[in-house]
Amino acid sequence: MTQFFRSLASAVAVAAMISAPQALAAPRKAAEVKPEAVGFDSARLKRLDDAMAKVVADGRVSGMTTLLVRHGQVVGFKTYGQKDLATGAPMEKDTIFRIYSMTKPITGVAMMILFEEGKWKLDDPVTKFIPEFKNLKVMTGVDDKGNMITVPVERPPTMREIMSHTAGFGYGLGDRHPVDRMFREKRVLGATGLNDMITRIADIPLMFQPGTAWSYSVSVDIQGAIVERISGQTLGAFMEERIFRPLKMADTGFYVPAGKTDRLATLYMTDPKTRQNVLATAIFDNPPPDYTKPPAAESGGGGLVSTTSDFGRFSQMLLNGGELDGARILAPATVELMRTNVIPKSVLVTSNGTSGSRFNEAVGFGLDFMVNMDPRASGSLEGANTMSWGGAAGTWFWIDPTNNLYFVGMVQRLGGTGGEDLGTAARTLTYQALVDPKK
């Protein structure tokens with residue numbers, strides 16, 4: 001499966017969550033601490049550095065950055081390779097990346113800010129905010145001529161369901177399902193604005209009745225439209241005011257301003273014949289967005305650019321229970337809610353909609369995050385209740401409240417890197433080096 005989603009697995013159970021331990025804030029230019037001071041073995045941790053360096057040396061990606069922080073202290077902030085193969089410009093710590101679906105957790109935080117203000121509830125029908133969805137239909141099959149057979153939706157999807165990909169919406173990232181093909185035909189992801197996007201979605205049937213299955217979907221873009229309608233601001237303006245500025249995420253936004261474009265990493269894709277890096281010419285059958293100018297639609301599902309440090313500050317805020325450097329974004333209980341599995345046990349999820357990876361009773365999905373409730377049962381070394389996700393260009397992160405650490409990895413290659421998933425490999429290599437977790 002692509003790096004985008006390899007760590008997902010199918011049918012989940014509710015698990016008890018623990019509170020995130022309070023951590024020291026991670027300064028923007030913090031000096032690195034000796035790994036042993038926070039429980040790591042330096043020799044073992046070198047396995048992580050060597051493995052990531054080899055990924056670059058083998059040509060799987062042009063370059064990479066990795067950031068590992070524990071107890072608010074930088075254990076390692078590494079750069080490897082180049083941000084542009086043609087010019088030879090080196091990868092740097094302030095390189096700007098297209099984070100694609102790592103936008104989703106940030107949109108989720110924007111939603112939860114409004115949740116805390118009493119503007120919506122988890123079991124509100126989405127039609128309370130998106131009345132255009134009042135006549136949704138559900139696809140049940142196709143007739144002998146290949147036409148969709150539909151029935152009326154039994155009830156509108158809830159806010160809980162659009163935040164956990166159980167509402168039934170398609171996405172258009174693949175083209176195997178007729179609903180996803182309609183998303184591509186209607187160019188939902190190429191809409192001229194969020195209201196235009198909603199209009200296009202309203203005419204497309206759901207893949208299943210709300211709450212009965214899980215499929216990765218356009219629902220976080222719908223959340224972006226809801227943020228705009230509730231707040232009266234554009235999604236970008238809301239995020240800037242309520243998240244980016246308070247957290248000092250100075251390089252995160254929906255485009256790269258003129259004075260910073262030289263820091264934007266080049267986007268590559270896999271040549272289907274040579275399996276080598278070539279300049280990206282398409283993403284999900286659309287031209288790659290031009291991130292040097294404001295977009296027509298600010299995509300809450302995949303539109304942000306950011307730096308490793310900026311996304312680290314976002315991660316540290318969540319690890320701290322919603323606060324960083326005196327800026328309170330969310331309450332600790334709200335962060336707990338986001339990392340609590342909300343997919344009912346009765347929902348048998350056999351695919352994440354883009355691959356064969358499956359959930360199980362150890363791994364579930366919260367509010368815009370995947371959640372690993374029982375890592376040992378899932379075959380992972382991370383701590384219980386770890387939140388994570390990834391992006392289409394290979395970026396990944398996880399936030400581990402049990403071990404009070406986070407990890408951010410940034411690359412820029414669409415369609416996988418021709419080998420083992422980097423997020424999975426980085427997890428194993430990080431935790432095999434954490435030999436004294438009580439420190």
Please figure out what share of the DSSP beta bridges in the chain is antiparallel and state it in percent, rounded to the nearest 5. 90
Calculate what fraction, in whole %, of the accessible area of the range 94-218 sits on carbon and sulfur atoms when a 1.4 Å probe is rolled over the protein chains. 49
Cα lying deepest toward the dipole's positive end in the chain, options MET410, THR334, SER42, charges on Cβ: SER42
Per-peptide average of other Cβ atoms within 10 Å, ordering 382-393, 411-422 highest first: 382-393, 411-422
Note to self: C-alpha centroids of the range 366-439 and the range 163-210 sit apart, in Å, by 29
Rank PRO257, SER299, VAL179 by how far each Cα sits towards the positive end of the charge dipole of the chain (+1 on Lys, Arg Cβ; -1 on Asp, Glu Cβ) and give me just the farthest. PRO257
Binning at 10 angstrom from zero up to the longest distance, how are the C-alpha pair distances of the range 166-307 distributed in percent? 11, 34, 34, 19, 2
Would you mind computing the Rg to Rh ratio of the range 110-189 from its alpha-carbon coordinates, Kirkwood style for Rh? 1.04
Charge dipole magnitude, Cβ of K and R +1, D and E -1 - the chain, Cα centre, debye nearest 20: 400
Listed peptides 329-340, 69-80, 145-156 by packing density, highest first (mean Cβ within 10 Å): 69-80, 329-340, 145-156
What accessible area per residue comes out for the chain, rounded to a whole number of Å², with a 1.4 Å probe? 39
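The values are calculated or read from the model by the stated rules, or taken from the named source; none is laboratory data. Remember, predicted model here, so these are calculated numbers, not experimental data. We place every Cβ from the backbone using ideal geometry, glycine too, and count neighbours over all the protein chains shown. Note: areas computed on protein heavy atoms with side chains; ligands, DNA, RNA excluded. Shrake-Rupley method; radii C 1.70, N 1.55, O 1.52, S 1.80 Å.
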